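The values are calculated or read from the model by the stated rules, or taken from the named source; none is laboratory data. These figures come from a predicted structure and were not determined experimentally. Here the Cβ positions follow ideal geometry from the backbone for every residue, glycine too, while neighbour counts run over all protein chains shown. These accessible areas exclude ligands, DNA and RNA; they are computed on the full protein's heavy atoms, side chains included. Shrake-Rupley method; radii C 1.70, N 1.55, O 1.52, S 1.80 Å.
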Amino acid sequence: PFLRPESFAGDRVSDLPVMVHAFQTFAREYGYRADLLVLLRPTTPFRRRDLAARCVARLLELEADSVRSAREVGHKHPYWMLTVDESGRSEPFLPGKSVDSYYQSQLLPPVYQHDGYCDVIRSSNLPSNCTPEATMAGFYGEKRAVLLNDDSHFVNIDTPEDLEYARFVGARYPAD
């Protein structure tokens with residue numbers, strides 16, 4: 001029903017000014033003020049049809065300020081990550097946590113990351129105004145929750161190769 005301003009369309013703009021603009025435009029142009037905002041990013045196109053409804057239900061059940069879908073990190077676990085200095089020497093990313101002690105995935109504690117598939121945010125978290133440079137501070141509120149997402153085909157489109165993979169997944173695995 002409307003386009004966001006060009007200043008809110010850059011790839012370094014956070015979700016906050018985009019959501020504030022959408023919320024304020026709906027209020028001004030259509031007289032509609034939502035209590036909850038559901039963010040479904042186009043860069044994560046493959047989600048189950050009921051994911052947004054499950055996230056909303058989780059937010060209401062836990063009386064949270066926000067709910068974000070998340071999934072296990074699997075083999076990209078922070079205990080297996082390294083930092084590398086200019087000379088090529090590496091150190092564990094987390095001191096004392098490395099493949100030396102956690103040499104099998106079964107030894108790793110469960111860790112999750114937000115997957116970008118669905119965020120539900122209370123509109124009361126939004127500031128009355130913000131700029132394109134605004135950070136995400138306050139956007140998710142104080143009481144944050146997650147809904148563990150087990151969608152089998154995780155696709156996050158950030159590169160041309162990701163788009164190619166998304167096309168493959170979309171052709172191979174039609175929507176449920």
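If you take semi-axes √(5λ) of the Cα gyration tensor in Å from the coordinates, which of (i) 82, 29, 15; (ii) 51, 17, 13; (iii) 32, 20, 19 do you get?
The listed entry that was calculated here is (iii).
Express as a percent, rounded to the nearest 5, the fraction of DSSP beta bridges in the chain (both residues included) that run antiparallel. Walk me through the intermediate numbers first.
Numbers: 14 of 19 bridges.
Among the beta bridges of the chain, antiparallel pairing accounts for roughly 75 percent.
Once the piece of chain linking residue 35 and residue 133 is laid out straight, how much longer is it, given 0.36 nm per residue of separation minus the C-alpha distance between them? Kindly include the intermediate steps, with their values, before the conclusion.
Working: separation 98, 0.36 × 98 = 35.28 nm, distance 2.48 nm.
32.8 nm is the gain from fully extending residue 35 to residue 133.
Take 103, 112 and sort them by solvent-accessible surface of the protein heavy atoms, 1.4 Å probe, largest at the top. All intermediate terms of the calculation are to be shown ahead of the outcome.
Values: 103 145, 112 105 Å².
From most accessible down to least: 103, 112.
Can you tell me the accessible area per residue over the chain, all protein chains present, probe 1.4 angstrom, in square angstrom? Provide the component values of the computation, followed by the final result.
Numbers: 11690 Å² over 176 residues.
Computed with neighbouring chains in place, this is 66 Å² per residue.
Just by accessible area at a 1.4 angstrom probe, what is the order of 50, 115 from largest to smallest? Show your work: numbers first, answer last.
Details: 50 70, 115 5 Å².
Solvent-accessible surface, decreasing: 50, 115.
For Cα pairs less than 8 Å apart in space and 6+ apart in sequence, what is the mean separation divided by the residue count of the chain, i.e. the relative contact order in percent?
For the chain, the relative contact order is 35 percent.
Return one number: the angle in degrees, 0 to 90 and rounded to the nearest 10, between the long axis of the Cα atoms of helix 160-172 and the longest principal axis of the Cα atoms of the chain.
Value to nearest ten degrees: 80.
In nm, what is the difference between 0.36 nm times the number of residues separating residue 54 and residue 148 and their Cα-Cα distance? Before the final figure, lay out each step's value.
Working: separation 94, 0.36 × 94 = 33.84 nm, distance 1.01 nm.
Once the chain is fully extended between residue 54 and residue 148, it gains 32.8 nm.
When the solvent-accessible surface of protein heavy atoms is calculated with a 1.4 angstrom probe, in what order do 76, 143, 97 fall, highest first?
Details: 76 155, 143 100, 97 65 Å².
Result of the area sort, largest leading: 76, 143, 97.
Classify segment 20-64: rounded, prolate or oblate, from the alpha-carbon gyration tensor (a ≥ b ≥ c, eigenvalue square roots; a/c under 1.5 rounded; otherwise prolate if a/b is larger than b/c)? Walk me through the numbers on the way to the answer.
Working: a/c = 2.79, a/b = 1.37, b/c = 2.03.
It is oblate, given that a/c is not under 1.5 and a/b is not larger than b/c.
What distance in nm separates the two pseudo spin-label positions at residue 113 and residue 125, each 7 Å out from Cα along the beta-carbon direction?
Output for this residue pair reads 2.0 nm.
Whole-Hz Karplus ³J(HN,Hα) for segment 121-129, in order, using 6.51 cos²θ - 1.76 cosθ + 1.60 and θ = phi - 60°, x for Gly and Pro?
10, 6, 5, 5, 6, 6, x, 6, 7
Can you give the extra length, in nm with one decimal, that the chain gains between residue 72 and residue 25 once fully stretched, where that is 0.36 nm per residue apart less the Cα-Cα distance? Intermediate values should be presented prior to the final figure.
Values: separation 47, 0.36 × 47 = 16.92 nm, distance 3.60 nm.
Full extension of this stretch gives 13.3 nm more.
Within the accessible area of the chain, what % is carbon and sulfur when the probe is 1.4 Å and the other protein chains stay in place? Display every interim value, and only then the final one.
Numbers: 6210 of 11690 Å².
Solvent-exposed carbon and sulfur of the chain make up 53 percent of the total.
Using only protein heavy atoms and a 1.4 Å probe, report how much of residue 93 is accessible, in Å² to the nearest 10.
It works out to around 110 Å².
For a Förster distance of 25 Å, can you work out the FRET efficiency between the beta-carbons of residue 164 and residue 94, rounded to the nearest 0.05?
Numbers: r = 33 Å, r/R0 = 1.34.
The value I calculate is 0.15.
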